[in-house]
Amino acid sequence: MPGRPNSDLLDLVYEAAFDPALWEPVMERIADDIGGGSGWLSQLSVADGSGGQYDDPMSRVAPEWPQRYLDHFATCNPLHNVPDTDAYFRGWRTKVVFDTDIIAKADLVRTEYYNDFMRGLDAHSVVMFRLARRGDEIAVLNLNRPERRGPFSGAELDYCEALHPHLIRAYELGERFGATRRLSGELAMVLDHSPHGLFLLSDDGVLRHANRNGERMLAQAGALRVSGGRLTATNPADARRLHALIGAAGSNDGERRSSGSMALPTPNRRLPLSVTVSPVRSQRFAPFAPGHSIVVCVTDLEAGVSVPEQRLRELFGLTPAETRLALAIFDGQTPAEAAETLGITHNTARNQLARVFEKTGANRQAALVRLIMRSVGVELRD
């Protein structure tokens with residue numbers, strides 16, 4: 001019977017926020033603990049199953065199965081797709097869900113999806129860790145379980161629920177840190193491309209590095225400051241909460257070491273700063289904080305999303321005209337509206353959009369918007 005997730009697994013989970021390749025061993029470790037098999041970390045539309053990528057993090061899945069899913073079974077997955085998205089999201093929560101919470105097992109085993117897809121993966125039961133929502137797409141870590149191992153037990157449910165908050169925070173932190181990794185192999189440069197304030201601390205809370213946005217936040221003399229070499233909050237009550245989160249993230253006690261988040265009110269501002277504190281043990285941070293490190297990610301909820309035009313051109317080889325159209329689509333315009341805004345014909349806009357899709361690999365406007373978000377390190381907030 002599994003106990004609570006151990007500290008080695010939690011360290012691996014938080015390292016996956018900065019190295020997506022580690023999601024595969026994360027899924028394998030969890031599966032081994034709960035008697036699972038294959039796994040997939042996906043972000044798919046609940047309306048039609050679209051949005052998946054062939055290079056999504058997967059474990060113990062043969063190469064042909066992702067293509068089979070995306071080519072056909074994404075449209076008929078009764079565990080994911082819903083007929084009424086508005087009604088679905090009114091009751092949606094980030095929680096641990098089992099297949100039997102969605103559909104009776106007797107009904108599931110009669111579906112095409114079960115007989116022609118799940119059985120090929122030796123999957124009879126599924127546990128789904130809901131991680132985030134972006135529009136009509138939800139990010140889910142799915143782990144399958146063979147029929148011979150029987151249903152999930154109560155102890156395994158407890159294990160999954162204890163692990164779930166860590167998976168959520170690691171996924172969100174990975175989204176924030178995100179695809180800025182594509183821009184450079186140098187960590188300091190990667191951090192500086194992030195639109196979030198990022199602070200790297202030693203395990204005893206000493207500030208070792210702040211990116212440009214972090215330094216800007218400190219220079220503004222607002223809600224955050226440095227005192228005695230340590231990152232703290234200006235308000236004493238907020239400082240105590242932040243110190244508690246940092247202490248938990250840097251604890252040498254594996255049972256206590258964990259991540260956490262808080263809202264940090266800022267004077268003269270309507271919205272607070274969003275603060276996530278996470279432990280990480282990774283060689284990539286060794287130049288700043290050897291051994292156990294702490295990452296504090298601070299998001300300005302009032303800052304507008306700004307997408308650098310030059311960065312899009314460099315990433316995808318877009319022409320200036322194609323980039324302007326892509327940014328118009330990102331801002332929520334239809335191709336017809338973008339054509340009017342840019343002073344081009346609708347046919348020209350359609351042709352340019354086709355070239356943008358070809359160069360970026362996106363196959364629809366929603367996928368293009370999501371790709372831009374990931375590529376320049378911004379995120380969509382509901």
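Every residue, every condition in (1) touching a strand residue (DSSP E or B) at 6+ places or on another chain (Cβ under 9 Å); (2) charged (D, E, K, R); (3) exposed (fewer than 13 other Cβ atoms within 10 Å of the Cβ), yes or no:
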{"residue": "His72", "(1), (2), (3)": "no, no, no"}
{"residue": "Leu79", "(1), (2), (3)": "yes, no, no"}
{"residue": "Pro83", "(1), (2), (3)": "no, no, yes"}
{"residue": "Gly91", "(1), (2), (3)": "no, no, yes"}
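Cβ-Cβ below 9 Å, separation at least six or inter-chain, first residue in the range 232-247 and touching a residue at least 12 places away in the same chain (Cβ under 8 Å) and farther than 13 Å from Thr276 by Cα, second in a strand (DSSP E or B) and of a type in the set (Lys, Arg): which pairs?
Here the result reads Ala233/Arg225; Thr234/Arg225, each pair linking the range 232-247 to a residue that is in a strand (DSSP E or B) and of a type in the set (Lys, Arg).
Of (1) under 30 Å from Thr100 (Cβ atoms); (2) modelled with pLDDT under 90; (3) crowded, with 22+ Cβ neighbours inside 10 Å, Leu167 satisfies all except one. Which?
The number of the failed condition is (2).
Which members of the range 133-154 meet the condition of being under 20 Å from Leu167 (Cα atoms) and either touching a Pro at 6+ places or on another chain (Cβ under 6 Å) or without any contact (Cβ under 8 Å) to a residue 60 or more places away in the chain (or both)?
Gly154
With respect to Ser153, determine if the residue is at pLDDT below 90, among the hydroxyl-bearing types (Ser, Thr, Tyr) and over 16 Å from Ile294 (Cα atoms).
no
Within the range 192-222, how many residues turn out to be farther than 28 Å from Leu10 by Cβ and in contact (Cβ under 8 Å) with a residue 24 or more places away in the chain?
1
Of these, Ala21, Ala62, which one is surrounded by fewer than 19 Cβ atoms within 10 Å (Cβ to Cβ), in the same structural domain as Asp122 (by TED's automatic domain parsing), within 30 Å of Ser259 (Cβ to Cβ) and among the aliphatic types (A, V, I, L, M)?
The unique qualifying residue is Ala21.
The values are calculated or read from the model by the stated rules, or taken from the named source; none is laboratory data. Note that this is a predicted model, so its numbers are computed, not measured. Every residue, glycine among them, receives a Cβ derived from its backbone with ideal geometry; neighbour counts consider all protein chains shown.
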